[in-house]
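Reading through the structure tokens given below for one structure.
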Amino acid sequence: MPAHDAHLTYYTYLDTPVGVLLLAGCEDHGLRHISFQCGKDAVRPEPDWVQSAKPFREVIRQLTEYFRGRRTTFRLPVHPEGTPFQRDVWKALLKIPYGETRSYAEIAAQVGRPRAVRAVGLANGRNPLPIVVPCHRVIGSSGRLVGFGGGLPVKQALLDREREVSAAAPAGTRRARQRRLF
């Protein structure tokens with residue numbers, strides 16, 4: 001993000017194929033929130049936040065490329081706030097390849113807490129950076145879609161788009177895994 005007052009939180013809105021997203025963050029920490037504005041838990045700007053799209057030019061560019069099927073990973077300065085366990089879960093989400101899914105149980109095993117399936121679900125639900133930290137790629141053990149802040153139709157749309165893009169990729173093309181963001 002460009003140099004602005006490092007202590008201010010900036011925000012803007014981005015219209016996407018899955019609805020309006022609120023982007024929020026600050027210069028010193030980077031992107032802190034991506035929030036679906038259609039969900040019941042939508043993040044709303046605080047009174048002291050400053051509306052400006054300028055600090056989010058790169059975020060907007062990368063999200064636009066993602067929705068156009070031209071980006072499978074993100075390279076952005078981010079700073080999600082969460083407990084050490086939540087951060088471990090979010091790091092595990094970054095390892096789910098584009099166009100694929102994992103179950104909550106698989107993520108629990110990956111973070112070394114195989115019995116913590118519900119805690120993984122709660123951490124997944126508190127992910128402040130959906131899409132960039134791909135919580136939409138986590139499904140129930142039965143293979144069914146469960147829980148998503150933007151709603152299940154949005155989760156399905158994101159997964160369908162990723163599968164469509166992956167299927168259209170030339171044979172032998174390996175999609176890169178998500179770069180370590182935090």
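The values are calculated or read from the model by the stated rules, or taken from the named source; none is laboratory data. On a predicted model such as this, the values are computed, not experimentally measured, just so you know. Note: ideal-geometry Cβ built from the backbone for every residue, glycine included; neighbour counts use all protein chains shown.
One line per residue, one yes/no per condition, for (1) outside any loop (DSSP other than H, G, I, E, B); (2) more than 30 Å from Arg113 (Cβ to Cβ); (3) modelled with pLDDT under 95; (4) touching a helix residue (DSSP H, G or I) at 6+ places or on another chain (Cβ under 8 Å):
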| position | (1), (2), (3), (4) |
| --- | --- |
| Leu31 | yes, no, yes, yes |
| Ala42 | no, no, yes, no |
| Glu46 | no, yes, yes, no |
| Gly69 | no, yes, yes, yes |
| Leu76 | no, no, yes, yes |
| Pro80 | no, no, yes, yes |
| Phe85 | yes, no, no, yes |
Among (1) more than 17 Å from Ile131 (Cα to Cα); (2) surrounded by fewer than 15 Cβ atoms within 10 Å (Cβ to Cβ); (3) without any contact (Cβ under 8 Å) to a residue 40 or more places away in the chain - the single one Ser52 does not satisfy = (3)
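Residues of segment 152-178 being modelled with pLDDT under 85 and over 13 Å from the mean Cα position of the chain (by Cα), which ones? Outline the logic, then answer.
The initial filter retains those residues of segment 152-178 that are modelled with pLDDT under 85, namely 168-178.
Across segment 152-178, the qualifying residues are Ala168, Ala169, Pro170, Ala171, Gly172, Thr173, Arg174, Arg175, Ala176, Arg177.
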